[in-house]
Amino acid sequence: MGAEFVQLSLTPILIGVLASIACALPGNFLLMRRQALIGDAISHVVLPGIVLAFLVSGTIAAVPMLLGAGAAAVIAVALIEAIKRLGRIEAGAAMGVVFTTLFAGGVLMLERTDTSGVHLDVEHALMGSLESLIWLEADGWASLTDPAALAGLPPELGRIAIACLIVVVLTWLFWRPLVLTTFDEGFARTIGLPVAAIGFGLVVAAAVAAVAAFDAVGSIIVIAMFICPPAAARLMTDRFGVQVAWSIAFATLSAIVGYVFAGYGPLWFGLYDAVSAAGMIATVSGVILALACLFAPRRRRLGEGRGSA
Amino acid sequence: MTPLFQALTLQLGYNATLVAIGAMLLGVAAGASGSFMVLRKRALVSDAMAHATLPGVGLAFIVMVALGGDGRNLAGLLAGSAISAGIGLLIVDWMTARTRLGEDAAIGAVLSVFFGFGIVLLTVIQTMSGGRQAGLESFLLGSTAGMLLADALTIAVGGALSVAAVWILRRPMTLVAFDEGYARSLGVNVRLTDLMMMGLVLAVTVIGLKIVGLILIVALLIVPAVTARFWTERSASLIWISGAIGGLSGFAGSAMSAAYADVPTGPVIVLFAAALFVLSLLFAPLRGVVGALIRHRRFQARVHRRQGLLALARSEPIHDPVTLRLLRSEGLIRADGVATEAGQDAAARAVRDEWRWEVARTRHKDTALTGRYDGLTPIESVFTPDEIAGFDRLIAEGQT
Amino acid sequence: MTPAELKLAADGGRAVAPEAKPGPVAAMSLRGMTVSYGEKPAIFSVDADFEQGAMTAIIGPNGAGKSTLLKAALDIVPRVSGEVRVHGQPLERARGRMAYVPQRASVDWDFPTRVIDVVMMGLYRELGLLGRIRGHHRDAAQDALDRVGMADFAHRQIGQLSGGQQQRVFLARALAQAADLYLLDEPFAGVDAATEAAIIDVLKTLKTEGKSVVAVHHDLTTVQSYFDRVLLLNVRRIAEGPVRTAFTSDTLAATYGGRLAAAQIEQLELGGAV
């Protein structure tokens with residue numbers, strides 16, 4: 001664990017961990033609200049967002065891309081809500097209509113415009129390129145205190161760190177109203193909480209996390225991290241606070257183990273090239289969830305579900 | 001002749017024609033079976049299935065190469081994708097039934113993990129085949145360009161078989177989707193029907209992989225069904241309207257894609273269906289937004305008019321600004337809030353109706369009729385003129 | 001409205017209703033409440049005055065709009081028209097003075113939380129976003145649990161509770177709110193006899209403390225022993241007033257129509273002709 005680790009593996013692992021945590025945190029609330037698939041929808045509409053941002057700005061600079069993706073996510077969420085209410089369509093179907101349509105629009109725009117020479121394609125959007133976010137300027141742990149080397153850190157690290165911080169602070173700040181509205185929306189309304197605004201705020205925070213994570217690691221991780229760590233955590237405990245802690249632990253574990261497997265796993269099987277780190281992180285989170293489904297202490301339902309009493 | 005016209009009239013070559021017909025048949029089957037999923041509120045289960053095909057495609061390729069064959073054999077790849085999608089579906093059902101997690105979480109978990117694992121396999125294949133492109137990425141978004149004749153035939157035949165399956169299953173499927181309990185009482189095996197429908201959706205997903213791609217195939221299952229929902233309240237016609245929308249989108253989309261370069265088939269099919277959806281959402285007479293908005297405004301006006309008139313009749317002050325504005329604009333009250341001649345007449349009629357209902361309710365203690373006593377239903381629509389005359393006589397007697 | 005007033009009104013709407021005698025301000029007064037799901041009113045132009053210090057039952061057949069009226073009064077469901085005043089104030093200014101006990105089935109009891117955490121939710125208006133939970137907050141929550149007979153269940157997982165215990169937890173949360181007006185949606189639905197007795201005990205204590213209670217109620221046989229006042233509802237308001245005068249065979253027949261057999265009404269031993 002020396003200079004080579006710091007140079008090649010430290011930053012991708014950090015980015016993977018931060019992205020995973022940023023997605024898993026709001027994922028806990030989405031899971032309890034039966035809105036787990038919002039993460040799926042958001043990650044699909046990121047593509048049209050960045051393509052449109054590219055068409056408008058003409059560059060692939062990070063800021064317009066992120067703004068475009070964020071705007072697309074918010075628009076998608078608003079569209080889903082509008083279609084659900086106006087058309088009286090069930091949430092799942094409304095989501096399916098919106099994200100597939102926007103995604104199809106994104107692909108069409110991408111194919112119809114000249115993006116050759118720019119690093120912009122569907123596969124990259126899906127898989128990201130975690131492996132390439134290395135820290136060339138580093139030559140050992142000492143670089144962590146060397147300003148010149150620190151300046152060479154991949155910019156994705158800074159962005160995902162900020163996004164992760166925003167999500168953590170928002171979760172801490174709005175913990176009580178979030179839990180309250182998640183558990184009992186009707187009651188929350190009667191004590192004067194702005195239920196709709198809180199719900200929308202949650203989805204926007206999820207979109208911020210998704211977009212920042214997408215920027216660094218692609219959309220596969222985003223969907224997996226919204227759902228798998230919170231779902232596995234849900235099966236470990238009957239306290240919501242504890243569940244959130246477990247989900248962060250699982251997200252971190254998935255990111256680290258997944259990255260290591262992707263980088264070194266193939267060598268163990270006699271192959272020379274690494275496999276997709278994003279895909280492997282998602283796979284590991286799935287294995288953790290599978291183990292939780294089979295063995296976790298609190299995997300069975302306790303109380304009656306909503307409306308079944 | 002423009003290329004688009006040529007494509008639409010099936011004059012763009014044998015392959016393109018086969019693909020267009022295949023896409024149309026696929027669209028019909030997807031629309032029809034998708035309507036079942038949407039009615040059962042399980043629309044996104046098909047999304048999990050579609051994403052779960054990817055590892056199957058990868059593994060099938062690896063197995064076929066290991067056996068010394070051509071890894072790109074479409075039938076083999078589709079068989080692999082069907083197996084892994086089936087496993088994904090079983091896991092969704094198992095997680096929902098056996099753990100405390102909801103179906104949405106199960107769908108999302110299967111979708112992302114299978115897809116992630118599939119991507120891992122794709123990167124393995126890239127290194128395995130030594131730089132030679134396996135072309136499996138085309139399953140993500142579909143691609144009909146440069147399709148082999150055998151592939152086009154596979155799709156056309158598969159599409160035809162799915163449509164046949166929809167035809168055979170239409171009765172139990174409608175019954176179960178509409179009312180599960182009723183279907184059971186008729187002796188329909190609900191579990192078996194569900195299973196067969198899932199099988200059909202699975203078949204549609206797999207056949208659609210090559211044309212539409214696994215990310216967008218779910219649109220072909222959901223969008224036509226949701227669109228059809230705006231046009232009918234009957235589930236029997238829903239299936240066929242949805243099938244027609246799906247077929248139309250499939251045909252038009254694949255024709256357009258064949259006619260122009262750089263127009264990918266899958267997205268065009270989806271966008272065509274989405275355009276039909278938007279039109280229906282806005283303008284369908286039965287459930288469209290514009291119609292509903294107009295009806296709601298009228299309804300609101302009726303409520304406020306009635307409440308206002310009753311308040312006038314009882315000489316109660318009216319505070320509600322909406323009511324005041326409405327009564328003023330209809331000339332029922334003056335600017336200062338006092339009832340006009342017309343307003344007094346209308347108020348008297350409203351009160352007379354109330355009074356008639358009052359009598360009707362004591363006379364006819366019959367829920368079917370008096371359940372309509374909601375303040376808005378005109379009494380003339382429930383009782384015959386002579387019955388109403390009878391109420392009036394009773395009112396007159398009660399007053400003397 | 002009496003027949004005489006109606007006659008006058010029918011003569012041309014020029015009649016002047018007698019001035020309502022100025023009574024005490026109602027705990028909650030509703031005017032012209034209309035709610036519709038789609039094109040059919042669930043409740044239409046309902047007026048009601050829930051008296052201070054009284055226990056009022058809202059009764060009516062299934063689908064009569066009882067729960068809807070309560071939810072509309074609390075702004076949980078949107079209304080087409082209507083005005084709500086609580087102790088003479090608009091709803092938003094009086095939120096802190098009212099407590100709502102929803103139907104048990106409205107939440108997911110598999111939610112990962114404990115009894116005491118649910119009761120603490122009743123203190124949210126006091127605690128705010130980040131207010132520290134102090135000893136007296138815990139005492140208040142524990143005291144509320146004590147009043148509903150669940151003192152020893154504070155740290156129990158909510159999924160492990162029986163239906164009756166769930167109802168008591170919801171009531172305890174409302175008690176923790178220390179409100180003046182308690183609105184309950186079918187508090188006795190599907191609970192055991194012991195819980196029903198415990199709940200009614202708590203509600204009667206609230207009444208002696210001068211608080212007001214409004215409950216959506218199903219069981220006609222207990223209306224007279226539990227409540228002071230009734231509101232009979234079937235989309236419209238059919239009758240409202242003290243149980244003695246408003247809960248009669250006539251008003252019940254008008255409310256329930258053919259759904260309530262004459263024999264059933266007779267069993268209630270009410271005055272009036274059927």
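The values are calculated or read from the model by the stated rules, or taken from the named source; none is laboratory data. Source: prediction; values computed, not measured. So basically every Cβ, Gly included, is an ideal-geometry build from the backbone, and we count neighbours across all protein chains shown. The area values use the complete protein model at the heavy-atom level, side chains included, leaving out ligands, DNA and RNA. Shrake-Rupley method; radii C 1.70, N 1.55, O 1.52, S 1.80 Å.
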Worksheet entry | DSSP-assigned coil residues among chymotrypsin sites (Phe, Trp or Tyr not before Pro) in region B:168-264, each with at most 16 further Cβ atoms within 10 Å | B:Tyr260
Practice prompt. In a Gaussian network model over chain B where Cα atoms closer than 10 Å are linked, find which of B:Val120, B:Val45, B:Val57 has the largest mean-square fluctuation.
Written response: B:Val120
Worksheet item: Tell me, what HN-Hα J-couplings in whole Hz come from the Karplus equation 6.51 cos²θ - 1.76 cosθ + 1.60 at θ = phi - 60° for each residue of region A:8-22, using x for Gly and Pro?
Response: 9, 10, 4, 5, x, 5, 4, 4, x, 5, 4, 4, 5, 5, 4
Worksheet entry | Enclosed volume per residue, in Å³, of the convex hull spanned by Cα atoms of chain C | 158
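Where the only charges are on Cβ atoms (+1 Lys, Arg; -1 Asp, Glu), what is the dipole of region C:88-247 about its Cα centre, to the nearest 20 debye? Before the final figure, lay out each step's value.
Working: 20 positive and 19 negative charges, 100 e Å.
Its charge dipole is roughly 480 debye.
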Worksheet, complete the sentence: In region A:2-217, taking the dipole from +1 charges on Lys and Arg beta carbons and -1 charges on Asp and Glu beta carbons about the Cα centre, the listed residue (A:Ala188, A:Pro154, A:Leu14) farthest towards the positive end is A:Ala188
Fill in: region C:116-274 - percent of accessible surface contributed by carbon and sulfur, probe 1.4 Å
47
Worksheet, complete the sentence: Per residue, accessible area of region B:11-265 with a 1.4 Å probe, heavy atoms of protein chains only, in Å², comes to 35
Worksheet item: Per 5 Å bin from zero, what fraction in whole % of the C-alpha pairs of region C:116-265 is there, up to the bin with the longest pair?
Response: 2, 8, 17, 18, 17, 13, 10, 7, 5, 2, 1, 0
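Return one quarter of the surface area of the convex hull spanned by the alpha-carbon atoms of region B:273-334, equal to its mean projected area, in nm².
Details: hull surface 20.8 nm².
Across all orientations, region B:273-334 yields a mean hull projection of 5.2 nm².
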Fill in: Area buried, chain A against chain B - accessible surface, total, 1.4 angstrom probe, square angstrom
4600
Item to complete: Calculate one ³J(HN,Hα) per residue across region A:66-82 by plugging θ = phi - 60° into the Karplus curve 6.51 cos²θ - 1.76 cosθ + 1.60, and present them in order as whole Hz with x for glycine and proline.
Response: 5, 4, x, 5, x, 4, 4, 4, 5, 4, 4, 4, 5, 4, 4, 4, 5
Worksheet entry | Crossing angle, helix A:91-112 versus chain A [Cα axis fit, 0-90 degrees, rounded to tens] | 30
Worksheet item: Which residue, A:Ile288, A:Ile21, A:Ile38, tops the fluctuation ranking in a GNM of chain A built on C-alpha contacts under 10 Å?
Response: A:Ile288
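Roughly how many Å² is the accessible area per residue of chain C, as a whole number, for a 1.4 Å probe? Provide the component values of the computation, followed by the final result.
Numbers: 11090 Å² over 274 residues.
Ligands and nucleic acids excluded, the figure is 40 Å² per residue.
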Practice prompt. Choose one of B:Ser33, B:Ile217, B:Leu161: the residue whose Cα lies farthest towards the positive end of the charge dipole of chain B (beta-carbon charges +1 Lys, Arg; -1 Asp, Glu; about the Cα centre).
Written response: B:Ser33
Item to complete: State to the nearest 20 debye the size of the charge dipole of chain A about its Cα centre, where the only charges are +1 on K and R beta carbons and -1 on D and E beta carbons.
Response: 1580
Response to the item:
For C:Val25, other-chain or 5+-apart residues with amide H closer than 5 Å (H placed, Pro excluded) are none
Worksheet item: Between the helical axis of B:74-98 and the dominant principal axis of chain B, each derived from Cα atoms, what acute angle in degrees is found, rounded to the nearest 10?
Response: 50
Worksheet entry | Solvent exposure ordering (accessible area, 1.4 Å, most first) of A:Trp172, A:Trp135, B:Trp167 | A:Trp172, B:Trp167, A:Trp135
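With a ≥ b ≥ c taken as the square roots of the eigenvalues of the C-alpha gyration tensor of the protein assembly as shown, please select rounded if a/c is under 1.5 and otherwise prolate if a/b is larger than b/c or oblate if it is not?
Numbers: a/c = 2.28, a/b = 1.62, b/c = 1.41.
Prolate, because a/c is 1.5 or more and a/b exceeds b/c.
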Fill in: Percent RCO, i.e. relative contact order, over region B:11-265, from Cα pairs under 8 Å lying at least 6 residues apart
39
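Going by a ≥ b ≥ c, the root eigenvalues of the Cα gyration tensor, does region A:2-217 fall in the rounded group (a/c under 1.5), the prolate group (a/b larger than b/c) or the oblate group?
Cα axes put region A:2-217 in the oblate bin.
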Discussion item. As a test question: what accessible area, to the nearest 10 Å², does A:Cys164 have when a 1.4 Å probe is rolled over all protein chains in place?
Written reply: 10
Fill in: Accessible carbon and sulfur surface of region B:11-265 relative to its total accessible area, %, 1.4 Å
68
Discussion item. Between region A:155-205 and region C:31-72, what is the separation of their alpha carbon centroids in Å?
Written reply: 33
Discussion item. Using the Karplus curve 6.51 cos²θ - 1.76 cosθ + 1.60 with θ = phi - 60°, what ³J(HN,Hα) values do you get for each residue of region B:31-36, in whole Hz, with x for Gly and Pro?
Written reply: x, 5, 6, x, 4, 5
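Where does each of A:Leu14, B:Leu121 land when they are ordered by accessible area, with a 1.4 Å probe and the largest first? Write down the numbers at each step before the final one.
Values: A:Leu14 75, B:Leu121 15 Å².
Per-residue accessible area, sorted high to low, gives A:Leu14, B:Leu121.
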Discussion item. Please list, ordered by chain and number, the residues whose modelled amide H lies under 5 Å from the amide H of C:Ser36; skip anything fewer than 5 residues away on the same chain.
Written reply: C:Ala42, C:Val80
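Within chain C, what percent of beta bridges assigned by DSSP are antiparallel, to the nearest 5? Can you show the working numbers first?
Working: 21 of 38 bridges.
Percent antiparallel among DSSP bridges in chain C is about 55.
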Item to complete: Evaluate Rg over Rh across region B:171-236, taking Cα atoms for both radii and Kirkwood's formula for Rh.
Response: 1.05
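Nearest 100 Å² is fine: how much accessible area is buried between A and C, summed over both sides, with a 1.4 Å probe?
Numbers: alone 15650 and 14060 Å², together 26500 Å².
The buried area between A and C, both sides summed, comes to about 3200 Å².
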Item to complete: Could you order A:Asp215, A:Asp273 by accessible surface area, starting with the largest, using a probe radius of 1.4 Å?
Response: A:Asp273, A:Asp215
Worksheet item: Which residues of region A:210-255 end up with at least 10 Å² less accessible area in the presence of all protein chains than when their chain stands alone, using a 1.4 Å probe?
Response: A:Ile220, A:Ile223, A:Ala224, A:Ile227, A:Cys228, A:Ala231, A:Arg234, A:Leu235, A:Asp238, A:Arg239, A:Phe240
Worksheet, complete the sentence: For C:Ile238, the residues 5 or more places away or on another chain with a placed amide H closer than 5 Å to its own amide H are C:Leu232, C:Leu233
Item to complete: Would you mind giving the total buried accessible surface between chains C and B, with a 1.4 Å probe and ligands, DNA and RNA left out, rounded to the nearest 100 Å²?
Response: 2900
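Once you wrap a convex hull around the alpha carbon atoms of region B:1-143, what is its projected area averaged over all directions, in nm²? Walk me through the numbers before you get to the answer.
Details: hull surface 44.0 nm².
Averaging across all directions leaves 11.0 nm² for the Cα convex hull.
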Discussion item. Test of understanding: in a Gaussian network model of chain C with alpha carbons linked when under 10 Å, which of C:Gly163, C:Gly32, C:Gly131 would top the mean-square fluctuation ranking?
Written reply: C:Gly131
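Please label the shape of chain B as rounded, prolate or oblate, based on the square roots a ≥ b ≥ c of the eigenvalues of the alpha-carbon gyration tensor (a/c under 1.5 means rounded; beyond that, a/b larger than b/c means prolate, else oblate). All intermediate terms of the calculation are to be shown ahead of the outcome.
Numbers: a/c = 3.05, a/b = 2.48, b/c = 1.23.
Taking the square roots of the gyration eigenvalues as a ≥ b ≥ c, chain B is prolate.
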